[in-house]
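**Q** My questions will all concern the structure given below.
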Amino acid sequence: MRLIDELEVYHQIGEDGFARLVRAFYAQVPGDEILAPMYHGRDLEDAEGRLRDFLVGRFGGPERYIKQRGHPRLRQRHAPFAIDQRARDRWMQLMTRALDEIALPAESDEVLRAFFTQTATMLMNRAFLVPRSSFRTHGADSRNPPEPSGTPRNLVPPTLRTVPHVLIAGAGLAGLAAARELQRRKYRVTVIEASHRVGGRVWTIRDGFAHRQHAEGGGDLIESNQKAVVALARELKLPLVRTIRRGFGFYGADNRGRVRAQPMSLSFRELMTALAPLIHDYRLAEKRWDSGVAQAMAHTSVAAWLDEIRAGRGLRARLKGFRGFFLADPEDLSLLALIDFFGDDGFGDTETFRIRTGNDRLPDALARGLREPVQLDSILRRVRQTDSGIVASIETQAGRHDLQADFAIVAIPATLARDVVFEPGLRPSQHDAIAHLRYGHVTRLLLQFDGRFWRRRGRPDLFGSDQSIGAFWDGNEQQPHKAGILSFLAGGGASQELQQILKTEGTSGVTSRVSWLGRPGRLLASREIVWENEPWSRGGYAVFDPSFNPEWRAELARPHGRVLFAGEHTHLRFQGYMEGAVLSGQRAAAEVLSVVNG
């Protein structure tokens with residue numbers, strides 16, 4: 001079945017479809033002992049019209065509801081009514097009957113059922129009562145268990161008659177780091193992965209290169225302040241080696257518009273002078289994304305800010321060059337994301353490393369250490385929460401099957417998590433955060449030459465660039481051989497630009513653009529990875545654009561009952577890094593442990 005966007009529902013079923021649905025729902029209300037009293041003295045016909053107009057506007061039709069009644073404010077409008085678990089379940093029961101009765105197209109039916117499940121749970125304003133049997137009783141008074149509250153249900157200790165069992169979706173660094181922590185505590189862990197390999201966006205390319213060389217197609221450089229990744233590598237006896245010893249440079253336009261190699265320090269001095277007042281205010285706001293300071297910055301693009309300060313050509317070029325880091329052009333990057341990075345010291349005085357034998361050795365070692373092998377080619381489609389655990393629907397080549405566990409950790413990119421059906425549904429703000437988070441476009445190009453023509457005494461090892469080829473650096477300097485691999489990272493708009501060069505000019509079009517580094521030798525091999533075309537990532541990593549509501553940031557990591565979330569996009573300090581993935585997985589594991597032990 002084709003998945004459709006919410007706004008396509010109106011165009012598929014039209015006004016008549018919503019009218020029939022609402023009519024079928026309200027036909028059941030007058031005789032219902034739970035819902036009918038809520039309409040005492042109120043006109044059901046008016047209520048039917050309001051719900052119809054709300055749904056029409058919500059799913060892509062005319063916005064009559066907002067024009068007549070303003071913002072929906074559903075929780076506020078329903079506050080006078082006592083909506084507990086029983087009322088929520090009855091409302092869903094009647095709406096489910098109505099959907100079954102009118103038989104909408106399958107695509108719209110799927111979207112509406114998920115929306116109603118989510119909204120009905122969100123409107124609960126009385127305690128979510130969990131059956132007494134779902135609490136652990138040893139070590140506490142089982143006759144008076146604490147009463148959880150919240151919407152949706154808070155994390156509550158499950159009935160644990162055996163070893164706790166956690167399902168983890170995603171065998172990237174986040175999911176594998178969570179699995180390692182839980183297995184250390186003797187938990188049973190089942191890890192599923194949609195692709196045919198572990199590692200996610202950590203992908204070392206080994207095939208096709210001469211002299212058994214390799215280079216990173218995904219996560220590459222590890223900084224010395226990224227202590228979780230460094231610690232894991234040491235625990236697993238994976239040696240780290242120094243890279244980029246001669247630092248960073250910039251290749252692009254200067255203030256006169258001349259394209260040339262320049263010290264990176266020039267970029268930082270001018271940029272930090274311009275950003276200083278904004279960073280000062282951001283720090284005063286304690287770097288909170290729900291602050292007024294953050295709100296003011298969030299919806300301004302970096303490009304608009306450059307226009308506002310009348311930036312020169314050099315500063316504009318350098319910030320365009322940062323698309324190799326943020327994976328977004330200045331017009332597509334929120335000013336808040338820029339301030340957040342540099343407000344936390346940005347590029348600090350750190351050393352950079354790689355794992356000597358390839359960064360993929362880290363996820364491989366984590367996976368090998370699991371008692372249960374990772375289940376590859378297994379896609380999470382649905383997670384249903386019960387009073388005692390979760391039931392996950394998993395799709396494999398053999399079909400769909402259900403798996404029961406006590407908790408689930410969803411450690412997949414938001415681009416994939418938005419396709420998972422959660423029951424009960426996510427709160428609206430969490431749903432919107434996942435639905436609207438963008439992932440940056442990025443093309444990685446690896447060119448192996450018979451000699452490292454780019455090496456010169458006193459020249460930086462890595463160049464950021466505003467050119468179509470993106471940033472570039474020595475991709476395997478830790479491998480002692482005359483041959484070497486020049487690694488290109490074209491982020492944001494440069495991703496498509498580099499693909500176009502390769503399509504029309506081939507690899508010679510790329511090498512001609514770096515001939516200023518030296519005379520290119522013989523090309524031995526090339527590999528291209530377009531991350532926005534990879535089905536199990538659909539992009540490089542999370543990008544905060546001007547349309548992203550900063551208040552959604554915290555929602556990306558918020559627990560949803562027995563479902564926890566991990567991934568680089570959920571980490572505040574190291575979003576976009578391997579470090580963020582590892583720390584987020586460890587955090588999700590700690591959340592499970594705190595519930596079970598608490």
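The values are calculated or read from the model by the stated rules, or taken from the named source; none is laboratory data. What you see is a predicted model, and the numbers here were worked out from it, not measured in a lab. Cβ placement follows ideal geometry from the backbone for every residue including glycine, while neighbour counts extend to all protein chains displayed. Note: accessible area is taken over every heavy atom of the protein model, side chains too, but ligands, DNA and RNA are not part of it. Shrake-Rupley method; radii C 1.70, N 1.55, O 1.52, S 1.80 Å.
**Q** What accessible area per residue, rounded to a whole number of Å², is obtained for the range 170-218 using a probe radius of 1.4 Å?
**A** 37 Å²
**Q** Compute the Rg/Rh shape ratio of the range 474-552: radius of gyration over Kirkwood radius, all on alpha-carbon atoms.
**A** My calculation of the ratio gives 1.07.
**Q** Helix 578-597 sits at what angle to the longest principal axis of the chain, using alpha carbons and giving 0 to 90 degrees rounded to 10?
**A** That works out to roughly 30 degrees.
**Q** What ranking do 391-399, 360-368, 322-330, 428-436 get when scored by the average of other Cβ atoms within 10 Å per residue, highest first?
**A** 322-330, 360-368, 428-436, 391-399
**Q** Here's something else I'd like to know. Direction-averaged shadow area of the convex hull around the Cα atoms of the range 445-485, nm²?
**A** 3.2 nm²
**Q** So what does the Cα-only Debye profile of the chain read at q = 0.05, 0.08, 0.09 Å⁻¹, as log10 I(q)/I(0), no solvent term?
**A** Those come out to -0.26, -0.64, -0.80, one per q.
**Q** Distance cut-off 28 Å, Cα to Cα: go down the list LYS320/LYS482; LYS320/LYS503; LYS237/LYS320 and report the pairs above it.
**A** Exceeds cut-off: LYS320/LYS482; LYS237/LYS320.
**Q** Counting each pair of different Cα atoms once, what's the Kirkwood radius of the range 171-304 in Å, rounded to one decimal?
**A** 20.0 Å
**Q** What do you get for trypsin sites (Lys or Arg not before Pro) in the range 267-302 restricted to DSSP loop and a cutoff of at most 16 other Cβ within 10 Å of the site's Cβ?
**A** Those satisfying the criteria are ARG288.
**Q** For a quick check of understanding: with a 1.4 angstrom probe and all protein chains in place, what accessible area in square angstrom does TYR577 have, to the nearest ten?
**A** Approximately 40 Å² for this residue.
**Q** For a quick protection proxy, order the peptides 166-177, 308-319 by their average other-Cβ count within 10 Å, most packed first.
**A** The peptides rank, most packed first, as 166-177, 308-319.
**Q** Using mean Cβ contacts within 10 Å as the protection proxy, how do 26-33, 337-344, 375-382 order, highest first?
**A** 337-344, 375-382, 26-33
**Q** Let me ask something additional. Give me log10 I(q)/I(0) at q = 0.14, 0.20, 0.28 Å⁻¹ for the range 523-598, Debye formula, one equal scatterer per alpha-carbon, no solvent.
**A** One equal scatterer on each Cα of the range 523-598 leads to -0.58, -0.96, -1.28.
**Q** When Rg is the radius of gyration of the Cα atoms in the range 16-58 and Rh is its Kirkwood radius, what does Rg/Rh come to?
**A** That ratio equals 0.99.
**Q** To the nearest µm²/s, what D does Stokes-Einstein give for the range 170-230 at 25 °C and 0.890 mPa s, using the Kirkwood radius over alpha carbon pairs as Rh?
**A** 180 µm²/s
**Q** Still on this structure, please answer the following. In Å², and per residue, what accessible area does the range 400-523 have when probed at 1.4 Å with the other protein chains present?
**A** On a per-residue basis, 37 Å².
**Q** Could you bin all the Cα-Cα distances of the range 442-598 into 10 Å bins starting at 0 and give me the percent of pairs in each, rounded to whole numbers?
**A** For the range 442-598, the binned pair fractions read 10, 30, 27, 19, 12, 4, 0 percent.
**Q** Under the √(5λ) rule applied to the eigenvalues of the Cα gyration tensor, what semi-axes describe the equivalent ellipsoid of the range 271-321? Give them in Å, descending.
**A** The equivalent ellipsoid of the range 271-321 has semi-axes of 22, 12, 8 Å.
**Q** Of all the C-alpha pairs in the range 235-306, what % are more than 19 Å from each other?
**A** In whole percent, the long-distance tail amounts to 59.
**Q** Same structure again: To the nearest 20 Debye, how big is the dipole of the chain about its Cα centre, given +1 on the beta carbon of each Lys and Arg and -1 on that of each Asp and Glu?
**A** Taking the Cα centre of the chain as origin, the dipole is about 2040 debye.
**Q** I've got another one for you. How far, in degrees from 0 to 90, does helix 85-102 lean away from the longest principal axis of the Cα atoms of the chain, to the nearest 10?
**A** 90 degrees
**Q** With a 1.4 Å probe and all protein chains left in place, how much of the accessible area of the chain comes from carbon and sulfur atoms, in whole percent?
**A** Here it works out to 49 percent.
**Q** Ok, one more. Keeping all protein chains in the complex and leaving out DNA, RNA and ligands, what accessible area do you get for LEU446 with a 1.4 Å probe, in Å² to the nearest 10?
**A** 0 Å²
**Q** Something else now. In Å², and per residue, what accessible area does the range 549-597 have when probed at 1.4 Å with the other protein chains present?
**A** Accessible area per residue: 28 Å².
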